[in-house]
1. Look through Leu74, Leu112, Leu93, Leu83 and report the one residue that is in contact (Cβ under 8 Å) with a residue 24 or more places away in the chain, out of contact with any strand residue (DSSP E or B) (no Cβ under 7 Å at 6 or more places or on another chain) and under 25 Å from Phe285 (Cα atoms).
2. How many of the residues in the range 300-351 are in a helix (DSSP H, G or I), within 12 Å of the ligand (Cβ to nearest atom) and of a type in the set (Gly, Ala, Ser)?
3. Out of Phe277, Phe271, report the one residue that is in a helix (DSSP H, G or I), touching a residue at least 40 places away in the same chain (Cβ under 8 Å), within 22 Å of Glu194 (Cβ to Cβ) and more than 10 Å from the ligand (Cβ to nearest atom).
4. Are there any pairs with C-beta distances below 6 angstrom linking a residue in the range 340-363 that is without any contact (Cβ under 8 Å) to a residue 24 or more places away in the chain to a residue that is part of a loop (DSSP other than H, G, I, E, B), with the two at least 6 apart or on different chains, and if so which?
5. Considering every residue within the range 380-397, establish whether at least one is open to solvent by 20 Å² or more (accessible area, probe 1.4 Å), polar (S, T, N, Q), modelled with pLDDT under 95 and in a helix (DSSP H, G or I).
6. Could you pull out the residue among Arg211, Arg174 that is open to solvent by 30 Å² or more (accessible area, probe 1.4 Å), in contact (Cβ under 8 Å) with a residue 12 or more places away in the chain and of a type in the set (Lys, Arg)?
7. Just one of the numbered conditions (1) farther than 24 Å from Val314 by Cα; (2) outside any helix (DSSP H, G or I) is not true of Trp414; which one?
8. Checking the structure you have, find out if any residue of the range 253-272 is in contact with a Ser or Thr (Cβ under 7 Å, 6 or more places away or on another chain), open to solvent by 10 Å² or more (accessible area, probe 1.4 Å), at pLDDT 90 or above and not polar (S, T, N, Q).
Amino acid sequence: MASKLNPKTKNIEFGGAPGALAISIVLNQMVRPDYFIKGWFSNFEFAQLWNGIKSSRYYFTRYDLWTYYTAWHLGLAALATILPGKKMNGVELRDGTSLPYKINGIAMSAALFLILAVRWQLTQGQLPELQFLYDNHVDLCIVTILYAFLLSVYVYVTSFFPLLGKNGHNTKERILALGGNTGNPIYDWFIGRELNPRLGPLDIKLFCELRPGMLLWLLINLSCLHHQYLKTGELNNALLVVNLLQGFYIFDGILNEEGCLTMMDITTDGFGYMLAFGDLSLVPFTYSLQARYLSVSPITLTNYQLATIFGFMVTGFYIFHKSNMQKSLFRQGKLPHLNSIATKRGTKLLCDGWWAKSQHINYFGDWLISLSWCLTTWFQTPLTYYYSLYFATLLLHRQSRDEHKCREKYQESWEEYERNVPYKIVPYIY
Ligand code: NDP
């Protein structure tokens, strides 16, 4: 179905479903209290992975897990709608309008911590909800995959319904993602057909991107620390460090929530199975792999190891934060003295300061951060370095998509920019 507002998609990305689904299940089967990978996969047994996966009937009838996860997801959705926050508009859409958003991540996090603190008091530190999360980690991962499946079917089906109100063209047509309108139901369902599916005031895509997955990642990490504490009566320093570093990163994302409104995922990508699965399953259940591993195979980090880990984290965060901040200030017209290239679009491409070092110096900083988290497990096994490897692939793919977009958008100005700033991510290397 093509129209002036929603042209048919001709460019097909990804060439089909990536193995991410399998990765998420398999990784979690490799880090279980009863079986976990040691060293260079010396105890790897396919049967162990296979035996950990039960029938689909088992997962669909684990009503306790469905109740737990649905309460989590819908509870957060209710808080996102009710709690006060700053009102902001997103970028201008193809129909000339922009959608309103409520930025209330800080209030949301405060509410979550308050609930945890009260529960800690009431249960004398037992926190049965964290214990449930830890004990059912592997099965819950599969339930979130099924949940993401159902959610993406829902948003795909509703993308065919007319809007209740009118759009900027005075019609009831929904705005579809430019990349998700091929007409092939499986592809469009997977990649995301509608650009910004909403349920009343709740923007489903922004909500899933920032809340149920990111905050579950934080809770899973906490559940590992809590489990270890209940078992030994002590706080393991490696587990504590990975909780602190990743917790800091999650809260930095929440504090800079409004920056998400201009990110590619929100402005360009549709919300389909790929994003739903990534947000609800992949992020919480694979980003927490280091904490999970340390909970079954704890180590005590030496001062030298701690200094190395913090060295990577601080350097990475400094580059990531300063470069993103510099681009944001530049775009607001606050750094006019920096060298830049004017484009026909009226905007300027910064090629000074951090942005003279590489085209995506912020990605480099982000990747160093990922390495610091993996290092918390030190060199026990390469398995926990999955995150840095996965993240490098994600950033490389993102860089090539962004380059394609900028080349089409800025044409000769982008080519001039590339001559000025030849490295794509890592200065002097790539
Ligand atoms: P960028 O912040 O690099 O933004 C790219 C956009 O900025 C381009 O499309 C273009 O937009 C504009 N731009 C590019 N170069 C310049 C320049 N020299 N001067 C001015 N404007 C420029 O990328 P992302 O939005 O992908 O990522 C934002 C942050 O989020 C990054 O730090 C990244 O590491 C992080 N991230 C983290 C993820 C995670 O899972 N932890 C996942 C993805 C991202 P325009 O069309 O407006 O000109």
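1. The unique qualifying residue is Leu112.
2. Looking only at that region, the number is 3.
3. Phe277
4. Pairs found: Asp352/Leu338; Asp352/Asn339.
5. Yes.
6. Of Arg211, Arg174, the one residue that is open to solvent by 30 Å² or more (accessible area, probe 1.4 Å), in contact (Cβ under 8 Å) with a residue 12 or more places away in the chain and of a type in the set (Lys, Arg) is Arg174.
7. (2)
8. no
The values are calculated or read from the model by the stated rules, or taken from the named source; none is laboratory data. If you're wondering where the values come from, they're calculated on a predicted model, not measured in any experiment. Please note: Cβ atoms are built from the backbone with ideal geometry, for glycine as well, and neighbour counts cover all protein chains shown. To get the accessible areas, we keep the full protein, side chains included, count just its heavy atoms, and leave off ligands, DNA and RNA. Shrake-Rupley method; radii C 1.70, N 1.55, O 1.52, S 1.80 Å.
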